[in-house]
1. Can you list, bin by bin at 5 Å, the percent of alpha carbon pairs in the range C:42-252, starting at 0?
2. Can you figure out the FRET efficiency of A:Leu88 with C:Phe71, using R₀ = 35 Å and their beta-carbon distance, to the nearest 0.05?
3. I need C:Cys69, B:Cys46, B:Cys10 ordered by Cβ neighbour count within 10 Å, fewest first.
4. Give the average, rounded to an integer, of partner chain Cβ atoms located within 10 angstrom of each Cβ in A:109-118.
5. Can you list the residues, at least 5 places off or on another chain, whose amide H is less than 5 Å from the amide H of B:Ala24, using H built in the peptide plane?
6. Using only DSSP helix segments of four residues or longer, with each worth -39500 (n - 2.57), what per-residue ellipticity at 222 nm results for the protein assembly as shown after dividing by its residue count and rounding to 500?
7. Enumerate the calculated ³J(HN,Hα) couplings along the range C:161-171 in order (Karplus 6.51 cos²θ - 1.76 cosθ + 1.60, θ = phi - 60°), each rounded to whole Hz, writing x wherever the residue is Gly or Pro.
8. Where is the GNM fluctuation largest for chain B (alpha-carbon springs, 10 angstrom cutoff): B:Val61, B:Val207, B:Val41?
Amino acid sequence: MGLEATPASTRRAPRRRPGAPRSLVIASTAVLLFLLLWQAAPPLGLVNGNYTSQPTLIFLAAVEVFRGDQLGHHTWISFSEFFLGFALAFAVSIPLGLLLGVSRTARYLLDPPLMALYIAPSLILLPIMIIWLGIGIASKIAVVFLGVIFPIIVNTMAGMHEADANLVRAARSFGAGPVDIFLRILIPGALPSILLGIRLGVGRGVLGVVVGELYVSQAGLGYQMTTYGSSMRIDRLLVYVLIISFFGYALTSFVRWLEGRVRNWKPA
Amino acid sequence: MNHVDIRELCVEYTKPKSEEMFTAVDRVSLAIPKGEFVTIVGPSGCGKSTLLLAVAGLIPVARGAALVDGRPVTGPGRDRAMVFQEPSLMPWRSVLGNVRFGLEMQRWSDGDLDTRALQFIDMVGLRDFADYHPHQLSGGMRQRVNIARALAVDPEVLLMDEPFGALDAQTREIMGNELLYIWERDRKTALFVTHDIEEAILLGDQVVVMGVNPGHIKEVLKIDLPRPRRPEIVDSEQFIHYRRTLRNHLADDLASMQLVRRDG
Amino acid sequence: MIARWFQRHQALILGTSSLIGIVGVWQALASLGVTNPFFVSSPALIADEFVVQLRNGTAAANLGASLYCFFLALGMATVVGVGLGLVSGWFRDFESALDPFIWFKYSAPTVAFYPLFIALLGYGAPTIIAIAFLFALTPIYANTLSGIKNVDRDLVRAAISFGARRIDVFFKVALPASVPIIVAGLRLGVGRALTGVVVAELFGATAGLGYSIAYYAQMFQTTPMMVSIVIVVLLGVILTQLLAFLEAKTDAWRREPTLR
């Protein structure tokens, strides 16, 4: 942490940084050690290989999956469920959040029920969605929709509410009307919060797809997971886990990148 | 022997992106007798704060040394206490808790720490606020706590880095006069960095003028005003003369910082 | 005068009235036959059923089972999360070593490991606790880590200038300074732990709120299912509010200055 009080008399020659940064080296070593341990554990009798599989087996399973497991089909199903649910939620929650966020009365009225729904896990409605909408993709889309709207509405409203009063006042002094202020000050100012809401929504959306498909489904990445899980094909299960992790990570990274771009122009 | 002796001090930084070496302080030498209040002025980037941090032992020194009572500075020590521009008070501790902090770190064992802390809280005029927390105090009050904390550990040398820089002009004036009053009691050797010329003259026995590129001492001005210094002294002829002299010394550096083009 | 009182308590009044309003509209729609109670039930039916469940102990049994798993999972997540977070925040190398695993844990769907947990721990409480533990761990660890790493450098420098050693800085500066953000992490952990318990119970349990929701859904018994759903929502709100309250207490020294 660099907290040492370095002696004032230290003669320090300029230090050239050798190759990769220390953190990367340590991280890679840790992962490598972990993989080695994992690979060696079952033959050594430390764990039951049926439950934990091994890196080499997982690699082989990955090859099989990519070659002939209808990966494209299942990915497409899961992706559609996520995308449709997310897009619908986005289309509903952003306008609502923007408009409601401006009115203090609306906020006071809606904060309690919205917060309650935001905190509560939307997945509790999964069983009833299955009953109403069947075991196909419709129920998953609904679950994603429910998971995504609340973080976005709540954070969008918060963003509109947290507008910098000084900016608004300055704009008014130059003659800006309410619409101008809404479009040019409030919305840009709310972007960081909106993006945060979107990132949280993405997390919940992915969770919704996965849990929904694990629960009951006919196709999709989660469907594959549950099939292999029940038949104890842990190697293939883990391949699908990695695939979903990758997508989830890619999506959230993308939103984080957007957040980073936007954060730069917000005053510290 | 001088109380504080700075000999050919050099401080270098590595610039974060380019890995170039940047000299913040270049061969600065300064001799300070015991009990003298030395103020340091200069434009931004002249290394005055860096110099202070080096004497405090908080940053490494590339070449040269700082000595206090003949002993070289190798790190923070009981003989020096620093007052930073930001109060750096622990928000979760009360005023009393904050003033005690230095004593706790230095493991003072004689007597009750609270009693000693209260003494200094009283000295800076905050006796009624001992139980308040920093967020309940104004900027000026927080700096008073900062000063009390430094005085409480009874340092031989007081190091102050633009302590009133973040305050408004009126508070700054008040704090300057209060500091004079408090300092008069023990007359500790002090190094005081400021960008305010008048403050430098009012408080100091010597004013050190530093220049930029790289940080070095341009001039040392001896201030021959009688002590104790009264606030009215700023209107005296002597004071005005000193002010004019200092402004001249700083003129070129100030001119180089101007951006709006002037004709002629 | 009444107007002034209304102004001051605006938030509370509007908030409460909106909740009452929602319940009222819901009931009205059901009573008037606009919505089919079979699909969405109605407040009146739910209230009745709630009393029935209270009487025959179902509500208590479900709530108890879920809370048991919830508290154990949250407790473990707090101990492990705060512990690891403190160590990671203080020793950069440890953080670097742990980082890739945390990334993975953050991206991978914990629920996917459900079959594994069943195989290892069987159906019932241990699996549910394990899953909820993993759910809650992330925000608690992340916040603790962030708190320690991002301690105000000025405070650290001031402490060192008074002769503080590394261990002094940890216990007397970093740790107290991090308390608010750690508590905020706990608040997030509460929501996650509840989600973890309920979701895990959906899949296979013999008691608990999630289990009852799934059970009644399959039986097409909307009203008892809604009772459990309402309990889950209330639970989430109450627990989060409790922690928000704790947050406010520990955050007291961060409020705006009161003297000028």
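1. For the range C:42-252, the binned pair fractions read 1, 7, 13, 15, 15, 13, 11, 8, 6, 4, 3, 2, 1, 0 percent.
2. Computed FRET efficiency for A:Leu88 and C:Phe71 comes out at 0.45.
3. With the sparsest Cβ surroundings first, the list reads B:Cys10, B:Cys46, C:Cys69.
4. Counting Cβ atoms of other protein chains within 10 Å of each residue's Cβ and averaging gives 5.
5. B:Val11, B:Glu12, B:Tyr13
6. Helix-only estimate at 222 nm: -20500 deg cm²/dmol.
7. Karplus-based 3J(HN,Hα) across the range C:161-171 equals 4, 9, x, 5, 8, 3, 5, 4, 4, 5, 7 Hz.
8. Residue with maximal mean-square fluctuation among B:Val61, B:Val207, B:Val41: B:Val61.
Just so you know, all these numbers are worked out from the coordinates, no wet-lab data involved. Computed from a predicted model, the values in this text were never measured in an experiment. Positions of Cβ are backbone-derived with ideal geometry, glycine not excepted, and every protein chain shown enters the neighbour counts.
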